[in-house]
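As C-alpha cells, the structure follows; a few thoughts come after it.
The values are calculated or read from the model by the stated rules, or taken from the named source; none is laboratory data. On a predicted model such as this, the values are computed, not experimentally measured, just so you know. We place every Cβ from the backbone using ideal geometry, glycine too, and count neighbours over all the protein chains shown. Just so you know, the surface numbers come from the protein's heavy atoms only, side chains and all, with ligands and any DNA or RNA stripped out. Shrake-Rupley method; radii C 1.70, N 1.55, O 1.52, S 1.80 Å.
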Amino acid sequence: MSKVGGALPSWYWPAGIPRRVPVAQQPLGRLFRQRFATMKDRIAVADKNVRITYGELLEQSLSLAGGIQTAGLTGTIAISDPDPLESLRLCLAGLFAGRRILLADPADSPELLAARLAEGKASALITSDGAGPAQAAGVAMVARSDLQGTFSEAGTAIRATEPAILLPSGRGLVAHSHFSVSAMAASMAAFIPRLREIPFVCTEPAIGSWEMLTGILLAISQGKPVVFASLEEFDAGELTDFVTDNYMIIQRSQADAMLAGGRIPPMMSQSAYVFVSTGSFDPRWRRHMEALCGRPIFPLWGLPEVGPLVAAHPTWIPPHGHGFPLVNVSLIPIDPDSGKVSIVPWEMLDQAEVGVEALSAMVGYVEPARNVGVKSGTAVRTRQVATMDHVGVVVLQGAPFDGLGAAGAN
C-alpha cells in the first residue's frame, strides 16, 4: 500500500446536510407502536390489491404479536413468507412481542433454510402454510393464520442494544441491534432528506436484504407508504397513484438484466430516485444504464454487516465513482496485508481496504468463531479495496478479496 504525493483534501459535502445525526435509542417494537399510533390514518403499505393504514397495520401486527405470545414462541423466530407484505406484518409482530427475528429468504432451498435455522438457533419458523424443511429438527413450524391473540406488554422490555434482526450474509448470519437497524434508515434519511417525504418501492419478494430493510424502515419511521410491487405490475397499470413520486433500490443483477434486454420498465424514468446497489463498476456500465433509463442513476454500496455506506448525492453524482460516505459513516483506510489501520490518509494512498465506523455496524456474526478478525481497532473490515480522491469520492476496486459481502462485477 504505497504513498503518493498529494495535497490535503478539500472534501466535498452537500450544503445543509449534517455529518452526524442522533439515532433513536429505543427498542423497535416500542418505537413503532408509539409512532404508528400518532399517524393512524396515513397509508402505511400498498400493493396491487390493498391499501393499509398505519392504524390497521398496528392492529394487525399486534394481533399477530399476541398470537406469538399465546403460542409460547420465544427466543429467535424465523420468518419465511413469499408475500412481502405478510413478512412485514410478521416482522413487526415479532418486534412488538420482544422477539429476535430471522428474516429468511423464501427462495432458499430446504437445505439452506435448515442451515440458517440451526445457525440462528431459531425456536420457530413462521410460514404461510406452516410447512418447513424436514431437516430443521427441533424447530416449531407455525402457519401464519394460526397466530391470533391479545397482545401484552409483559415480557417485552428489552434494550436498544440487544439483537433484534438476523440477516443472511456471505459469511453467515449477521445480528443487528434495534439501534443499528434504526441507524441504517437514519443514515440514508439524513443524507438525502427528500427520502423522508416520499414512498419507498420494494420490488423484491423478500424483505431480508439490507437494501429492502433500510428502505422499509426509513419509510415507516417517517410515516410514508411502503409499496410492494414488481416493476412489471407498475407497467401493467397497477398502483398508478404511486408511479412518479417515489424511490427504489434495485440490485445490480436487475440492472444488468435490463441492460441485456435493452429496455427498462417505464416507471423507472418517473421515480424521484433510482439507487442501484452495486460493488465496483466501470463508468461505461453507468453511462449505458443512464442512457437506457434516460435519467441519473445513484450507485449505492453497503453490506449486510453495516448497512448502507456510500452513495451519490443529488447535488453531485460523480461519473467515475459511487459518491460519498453517508451521514454517520466514517471510512477508515486499512492495510489489506497487515489488517492494521493506516496512519496515512486516504488521499495519499494508491488504495486501501475500507474499514467502517458507523452507528449501523452489526452486533456481530451469530456464530462467534466468525467474529475473529472482523475488526481492526474499532473499524469493521470489509475486505473491499477502494480509493478516495482529494474531494472525497469513493471508487471501489474489484470484488471483496475474501468474499465478504456482495460486490457487483465490472
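In a simple Cβ point-charge model (Lys, Arg +1; Asp, Glu -1; nothing else charged), the chain has a dipole of about 980 debye relative to its Cα centre.
Of 322, 57, 379, whose Cα points farthest to the positive end of the dipole of the chain (charges on the beta-carbon: +1 Lys, Arg; -1 Asp, Glu; origin at the Cα centre)? In the chain, that residue is 379. Rolling a 1.4 angstrom probe over the protein heavy atoms with all chains in place gives the chain an accessible area of 39 Å² per residue.
Helical content alone sets the calculated 222 nm signal of the chain at -7500 deg cm²/dmol, taking -39,500 (n - 2.57) per DSSP H segment of four or more residues and averaging over every residue. Need the list of aspartates and glutamates near residue 40 for cross-linking: C-alpha distance under 14 angstrom, and skip anything on the same chain fewer than eight residues off. Straight-line reach from residue 40, under 14 Å: 56, 59.
Modelled this way, with points 7 Å down the Cα-to-C-beta line, the labels at residue 51 and residue 350 are 5.9 nm from one another. The candidates 359, 88, arranged from most to least accessible area with a 1.4 Å probe in the full protein assembly, appear as 359, 88. When each of the peptides 188-198, 206-216 is scored by how many other beta carbons lie within 10 Å of its residues on average, the order from highest to lowest is 206-216, 188-198.
Note on residue 42 and residue 146: the extension gain reaches 34.6 nm, defined as 0.36 nm multiplied by sequence separation minus the Cα-Cα distance. Full extension of the chain segment joining residue 128 with residue 197 gains 21.6 nm, where the gain is 0.36 nm per residue of separation less the Cα-Cα distance. Note on residue 241: accessible area approximately 100 square angstrom, rounded to 10, probe 1.4 Å, nucleic acids and ligands left out. Distance between the pseudo-spin-label points of residue 109 and residue 284 (7 Å out from Cα toward the beta carbon): 3.6 nm. Extension gain for residue 235-residue 343 works out to 33.7 nm (0.36 nm per residue, less the C-alpha to C-alpha distance). Among the protein heavy atoms of the chain, carbon and sulfur supply 52% of the accessible surface, probe 1.4 Å, non-protein parts ignored. Principal-axis analysis of the Cα atoms of the chain puts helix 210-222 at an angle of about 70° to the longest axis. Taking a Cβ cut-off of under 11 Å around residue 239, the surrounding Lys, Arg, Asp and Glu residues balance to a net charge of -3, with basic ones at +1 and acidic ones at -1. Axis angle, to the nearest 10 degrees, between helix 28-37 and the longest C-alpha principal axis of the chain: 70 degrees. Between 0 and 90 degrees, the angle of helix 178-191 with respect to the longest Cα principal axis of the chain falls at about 50 degrees. Over region 7-67, the pair-distance histogram of Cα-Cα distances with 5 Å bins from zero comes to 4, 14, 15, 15, 12, 10, 9, 7, 5, 4, 3, 1, 0 percent, rounded to whole numbers.
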